[in-house]
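The values are calculated or read from the model by the stated rules, or taken from the named source; none is laboratory data. Quick caveat: nothing in here was measured; it's all calculated off a predicted structure. A quick note on method: Cβ atoms are made from the backbone with ideal geometry, for glycine too, and the neighbour counts reach across all protein chains shown. Please note that ligands, DNA and RNA were not included when accessible areas were found on the heavy atoms of the full protein model with its side chains. Shrake-Rupley method; radii C 1.70, N 1.55, O 1.52, S 1.80 Å.
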Amino acid sequence: MILLRVSLFFIVLLLLPDWYIYKAYIRHQSNKLWKQLFGIPSASLLLVLLIFILFKDSIQQHHFGTYLIITLCIAVPKAVFALFSLLMRGISNLLRIRLPHGWIALLPALATFGYILFGAVRGKENFKVHQVTYVSPDLPDAFDGYRILQLSDIHSGSWKGNGHALQRAIDLCNDQHPDLAVFTGDLVNSRADEMTEFVPVLSQLRAKDGVFSVLGNHDYGTYTRWESELDRIANVDSLIVRENRMGWQMLMNSHRILHRGNDSIALAGVENSGAPPFPDYANLTQALQGTEGMFKILLSHDPTHWRREILPESDVQLTLSGHTHDMQIRLFGFSFSRFVYPEHCGMYLEDGRGLYVNVGLGYVLFPMRLGAWPEITLITLRRSSIQSIKTNKQ
């Protein structure tokens, strides 16, 4: 389904700009060879896309990711060129002046190409620390100023051979000196052994009150073929064991009580709770049993869980999620993920109850980050009678 949606998007992205550019600029050329060569890049990309669709079960993910980046580098600058060319033509007609609209449109097209190339080469390692404050009157006095570091969606398999980048990210995390560190799911793409290379790095993550983790949809191994369901379950069990050995305490529909002096708060975590086709193994009631009357922080990978169950059926004050990646692309503050996820990045409040959606540290499907830079979140808890939120992105 994802491949089909991506395919339709790129077919439109390739064909519409080519149609306009050919009609506006190419068909008037006297050089027949230039006319013949113009359509070759798009035709080649569409042919490769057809091959991916026909043989999707045997195509490696990183091959398709490389294809997506090449397509973006060609198609998006063409689309930008077409849009600016149309704009310049409109201005020329309105003002009745002659403008070199083709040359003017070429400048933003080249800038777009450079921006996309940066996203592919460096964007996935352009780690950003987001400083966030969550204010609640329910927070015990002793936890005023408590600092929680959140990571999400590392997708270890995508970092193969690039452990030094993850080392920089973990060093940056430890530089924040958090009271608590949490990971909100998708440590791997599919297989537990993806993280073998990175265990020495990830086990360095430190926080005063420990590191806690939950599972995400990818951690259940549903995106690869197994010889049997028992093999898939064994893979999940292996992942849980590896995380525990790293010092990451797994919250499997369970909770821990964190203490400061005579005060305490509850940190709960559920297994993935996703709307179809994503797996749903969460048991919120079980996770929160015994936390009645306490200030509660819940780790739940999928942010749709917040409105589906957490808000209507619990009194959890703050939920931390991941999953969306903000689709790994955000242009001028705009992300298409808002059409899929009502809560897709950052902090959301409902009657003072908060949801923070971390857009993830890693990447999947295509190896790039553009605008939706890989995120490390540092959340400071504050006690107040006024419900407010302040976000400062560094």
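A few notes on this one:
- Residue within the stretch 320-328 that is under 30 Å from residue 115 (Cβ atoms), under 20 Å from the mean Cα position of the chain (by Cα) and in a strand (DSSP E or B) present: yes
- Checklist (1) more than 19 Å from the chain's Cα centre (by Cα); (2) buried (at least 22 other Cβ atoms within 10 Å of the Cβ); (3) hydrophobic (A, V, I, L, M, F, W, C) applied to residue 173, failing item: (1)
Each row is one residue, and each column tells you yes or no for (1) open to solvent by 20 Å² or more (accessible area, probe 1.4 Å); (2) touching a helix residue (DSSP H, G or I) at 6+ places or on another chain (Cβ under 6 Å); (3) modelled with pLDDT under 95; (4) not in a loop (DSSP other than H, G, I, E, B).
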{"residue": "244", "(1), (2), (3), (4)": "yes, no, no, yes"}
{"residue": "268", "(1), (2), (3), (4)": "no, yes, no, yes"}
{"residue": "275", "(1), (2), (3), (4)": "yes, yes, yes, no"}
{"residue": "278", "(1), (2), (3), (4)": "yes, yes, yes, no"}
{"residue": "292", "(1), (2), (3), (4)": "yes, no, no, no"}
{"residue": "297", "(1), (2), (3), (4)": "no, no, no, yes"}
{"residue": "301", "(1), (2), (3), (4)": "no, no, no, no"}
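- Test result for residue 120, in a helix (DSSP H, G or I), open to solvent by less than 60 Å² (accessible area, probe 1.4 Å) and modelled with pLDDT under 90: yes
- The stretch 339-357 residues that are surrounded by fewer than 20 Cβ atoms within 10 Å (Cβ to Cβ) and among the small types (Gly, Ala, Ser), paired with ones that are at pLDDT below 95 and assigned to a loop (DSSP other than H, G, I, E, B) (beta carbon under 6 Å, 6 or more apart): 352/387
- Among the residues of the stretch 186-208, those that are closer than 17 Å to residue 249 by Cα, open to solvent by 20 Å² or more (accessible area, probe 1.4 Å) and not in a helix (DSSP H, G or I) comprise 203, 204, 206, 207, 208.
- Close pairs (9 angstrom Cβ cut-off, 6 or more residues apart or separate chains): on the phi < 0 side of the Ramachandran plot and open to solvent by 60 Å² or more (accessible area, probe 1.4 Å) in the stretch 252-263, among the aromatic types (Phe, Trp, Tyr) and in a strand (DSSP E or B) anywhere: 256/212
- Test: residue in the stretch 126-140 that is out of contact with any His (no Cβ under 8 Å at 6 or more places or on another chain), assigned to a helix (DSSP H, G or I) and either in contact (Cβ under 8 Å) with a residue 12 or more places away in the chain or more than 27 Å from residue 347 (Cα to Cα) (or both): no
- Meets criteria (part of a helix (DSSP H, G or I), within 27 Å of residue 362 (Cβ to Cβ) and at pLDDT 95 or above) for residue 234: yes
- The stretch 280-290: number of residues that are surrounded by fewer than 22 Cβ atoms within 10 Å (Cβ to Cβ), under 27 Å from the mean Cα position of the chain (by Cα) and either of a type in the set (D, E, K, R) or not in a loop (DSSP other than H, G, I, E, B) (or both): 2
- Selection within the stretch 209-239: residues that are open to solvent by 30 Å² or more (accessible area, probe 1.4 Å) and within 27 Å of residue 164 (Cβ to Cβ). The member of this set that is nearest to the chain's Cα centre (by Cα) is 223.
- Selection over the stretch 30-73 of residues that are open to solvent by 50 Å² or more (accessible area, probe 1.4 Å), closer than 27 Å to residue 363 by Cα, of a type outside the set (A, V, I, L, M) and at pLDDT below 80 gives a count of 8.
For every residue, the table says whether it meets (1) assigned to a strand (DSSP E or B); (2) hydrophobic (A, V, I, L, M, F, W, C).
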| residue | (1), (2) |
| --- | --- |
| 343 | no, no |
| 348 | yes, no |
| 356 | yes, no |
| 361 | no, yes |
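- Evaluation of residue 319 against (1) touching a strand residue (DSSP E or B) at 6+ places or on another chain (Cβ under 7 Å); (2) surrounded by fewer than 22 Cβ atoms within 10 Å (Cβ to Cβ); (3) modelled with pLDDT of 95 or more (one fails), failing number: (2)
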